[in-house]
Amino acid sequence: MTTINENAATAEKARRLRELHVPGTPLILANAWDVASARVVEDAGAAAVATTSAGVAWALGFPDGDRLPRERAVDLVARVAAAVAVPVTADIENGFADKAEGVAETVRQIVAAGAAGVNIEDMAYPDSGATPLPVAEQAERLAAARAAADEAGVPLYINARIDTYLRGLGDPDDRFAATVQRATAYVDAGASGVFVPGIANPATISALVEAVGAPVNILAGPGSPTIGELARLGVARVSLGSSLAQAAYAVARRAAREAFTQGTYAALEDVVDFGELNAAPRS
């Protein structure tokens, strides 16, 4: 059972996380997928640690896209939150639930695990593939998440993800308006900010920041504007998403193939010190 003192500590981290979302001085998140990666990111200077749902799912043997059991995700978040001193924001996919009541239960558990923030996306994952949730339905889910956090006394930072650009949904000529419509509804329902992956065009990013009355989160990587450029566009949060985990797995594959085919070890020349990784985690 979560104690009052534990909720108070989480609430303080949630307030700190909210303060870190400043348009023009964005919070930079290098998303982690386990305790070790979270500690490496924190030691590199992170003001907060975010998890990547894809990276977490892969590390635990599941595909991304609502396949990871909720209890496994909550357990991982609890371990990460206990291992780092900075606020932790957890990617909880679409809330690991079909209905708003289930999203609320996920939030209750994730807050009890020590998370100061969450990402909640507006997609469902039936067997036929990813499907966008109706705006009203997603707003109801976000409202339930906010109510659950409020009941726990934690001003949880709820980052509402909108996949219109990432998945190329709808008519391209209408996509911006549809995105703003979703963003407005989600903020009105209780979201703290919005996350719109799939945008790299500076003009579109600037227009989105101007149109949305809440902090805007952009997914960045090769081909994206630099963090300095995103700051000048008014972005409040920049995430690397699953790319960090993908890069780590690329090194593992490259090193393995090199050993198997060439019998050499060049891919292993730049590693994190064994003693640093072996240091006892914080508790």
- Message: 7 Å from Cα along Cα→Cβ at both Asp150 and Ala85: what's the point-to-point distance in nm?
- Response: 3.4
- Given a Förster distance of 35 angstrom, what is the FRET efficiency for Glu137 paired with Ala247, based on the Cβ-Cβ distance and rounded to 0.05? 0.50
- Using +1 at the Cβ of each Lys and Arg and -1 at the Cβ of each Asp and Glu in the range 131-283, identify which of Ser224, Thr204, Pro134 lies farthest towards the dipole's positive end. Ser224
- Item | For the range 64-90 versus the range 129-150, the gap between their alpha-carbon centres in whole angstrom | 20
- Pairs of Cα atoms under 8 Å, at least six residues apart: use those to get the relative contact order of the range 23-96, whole percent. 35
- Query: Rounded if a/c is under 1.5, else prolate if a/b beats b/c, else oblate: with a ≥ b ≥ c from the C-alpha gyration tensor eigenvalues square-rooted, which is the range 4-242?
  - Reply: rounded
- In deg cm²/dmol and to the nearest 500, what is the mean residue ellipticity at 222 nm of the chain if only DSSP H runs of at least 4 residues count, each as -39500 (n - 2.57), divided by the residue total? -14500 deg cm²/dmol
- Task: Treating only the Cβ atoms of Lys and Arg (+1) and Asp and Glu (-1) as charged, compute the dipole magnitude of the chain about its Cα centre; round to the nearest 20 debye.
- Result: 340
- Here, GluC sites (Glu not before Pro) of the range 236-283 satisfying both criteria (DSSP loop; at most 11 other Cβ within 10 Å) are Glu269
- Task: Assuming R0 = 41 Å, can you tell me the calculated FRET efficiency for the pair Val271 and Ala177, based on Cβ-Cβ distance, to the nearest 0.05?
- Result: 0.30
- Note on the structure: Taking r as the C-beta separation of Arg15 and Asp188 and R0 as 25 Å, the FRET efficiency to the nearest 0.05 is 0.70
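Every number in this text was worked out from the coordinates using simple rules, so none of it is lab data. Keep in mind that what you see is a predicted model, and the values were worked out from it rather than measured. All Cβ positions, glycine included, derive from the backbone under ideal geometry; neighbour counts span all protein chains shown.
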